[in-house]
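Engineer: Attaching a single structure in structure tokens format; questions to follow.
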Amino acid sequence: MPRDHHRPVHFTDAEFAALQGGEDPAVVNRVAHETANALLHRVREDPDPAVVERLVTYTDVHGIDAIAELWARVGAHTLPGALWRVYLVRTVIRQNPEEIAYLFERGTERIGTIDQAVAGAEQPTGPAEILTLADRILHGLYTGDFAVALDRGAAFCRLTAAGATAVADDADLTAGERASELTTRALRLSELAADLTEAAALWRRDSLD
């Protein structure tokens, strides 16, 4: 159903309660979709650089919990679900850019796919380059081809998952706990990649809501 994306989104007391952990899934779902649609369309219609920069760095100031409260409790293959996952990927990168850059590089060595080109990280990829990639992917949601930005996020996740698997294999005999941790991380990154790929396909079919 078409929405007037220029109209402010107002929340009732019940809606605020839902955002703060309330129990009405319908309200949580509706607020998530309304805020995601309103925010994305307003910014993409008039991508003021200062506004985009504040959105990209929002979690640096306010933390990831604020985004999670809005968008983390809806389906992965929805607009708010896709936005949440890209913010989550950026947060993971910023928490430990040195390790993520290493896993990403190992992944590019392990699998010979076009994902390295799709992700678009500068080579060689160190901590500074991986941080830049995180910001560029999120910038792309607001100022570029939305589906391409999701594809870049998915490619990053696949490569990093492959790197985590490679390092886990190396550590399997000497550091079993570390290997298990990396295997779990690889699985989660692979799931993120699949979700972002599906969201990109839905966006291209004008079906991501």
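The values are calculated or read from the model by the stated rules, or taken from the named source; none is laboratory data. Given the structure is predicted, the values throughout are model-derived calculations rather than measurements. Cβ sites come from the backbone with ideal geometry, for glycine too, and all protein chains shown count toward neighbours.
Engineer: Would you point out which residue out of Asp151, Asp172 is of a type in the set (Asp, Glu) and either touching a strand residue (DSSP E or B) at 6+ places or on another chain (Cβ under 9 Å) or within 26 Å of Ala72 (Cβ to Cβ) (or both)? Before you say what the answer is, go through the steps one by one.
Structural biologist: Numbers: Asp172 fails: either touching a strand residue (DSSP E or B) at 6+ places or on another chain (Cβ under 9 Å) or within 26 Å of Ala72 (Cβ to Cβ) (or both).
On inspection, the qualifying residue turns out to be Asp151.
Engineer: In region 104-183, which helices (runs of 4 or more DSSP H) lie fully inside it and hold 2 or more residues that are touching a Phe, Trp or Tyr at 6+ places or on another chain (Cβ under 7 Å) and crowded, with 19+ Cβ neighbours inside 10 Å?
Structural biologist: Working: elements: 115-119, 127-143, 146-171.
Qualifying helices (runs of 4 or more DSSP H): 127-143, 146-171.
To keep it simple, each residue is scored yes or no on (1) over 30 Å from Leu187 (Cβ atoms); (2) modelled with pLDDT under 95.
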{"position": "Val9", "(1), (2)": "yes, yes"}
{"position": "Ala17", "(1), (2)": "yes, yes"}
{"position": "Arg30", "(1), (2)": "yes, yes"}
{"position": "Glu69", "(1), (2)": "no, yes"}
{"position": "Ala72", "(1), (2)": "no, yes"}
{"position": "Val86", "(1), (2)": "no, no"}
{"position": "Glu98", "(1), (2)": "no, no"}
{"position": "Phe104", "(1), (2)": "no, no"}
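Engineer: Take region 179-209 and flag every residue that is among the charged types (D, E, K, R), more than 16 Å from Asp115 (Cα to Cα) and touching a helix residue (DSSP H, G or I) at 6+ places or on another chain (Cβ under 7 Å).
Structural biologist: If we filter region 179-209 for residues that are among the charged types (D, E, K, R), which is where we start, we get 181, 185, 188, 191, 195, 198, 204-206, 209.
Narrowing further to those that are more than 16 Å from Asp115 (Cα to Cα): 181, 185, 188, 204-206, 209.
Listed by number, the residues that qualify are Arg185, Arg204, Asp209.
Engineer: When you scan region 59-70, how many residues do you find that are in contact (Cβ under 8 Å) with a residue 24 or more places away in the chain and over 21 Å from Asp209 (Cβ atoms)? Steps first, please.
Structural biologist: So in region 59-70, the residues in contact (Cβ under 8 Å) with a residue 24 or more places away in the chain come out as 59-60, 64, 69-70.
With the extra rule that they be over 21 Å from Asp209 (Cβ atoms), the set shrinks to 59-60, 64.
Residues that pass the stated criteria total 3.
Engineer: Just one of the numbered conditions (1) without any contact (Cβ under 8 Å) to a residue 40 or more places away in the chain; (2) under 22 Å from Ala193 (Cα atoms) is not true of Arg73; which one?
Structural biologist: (1)
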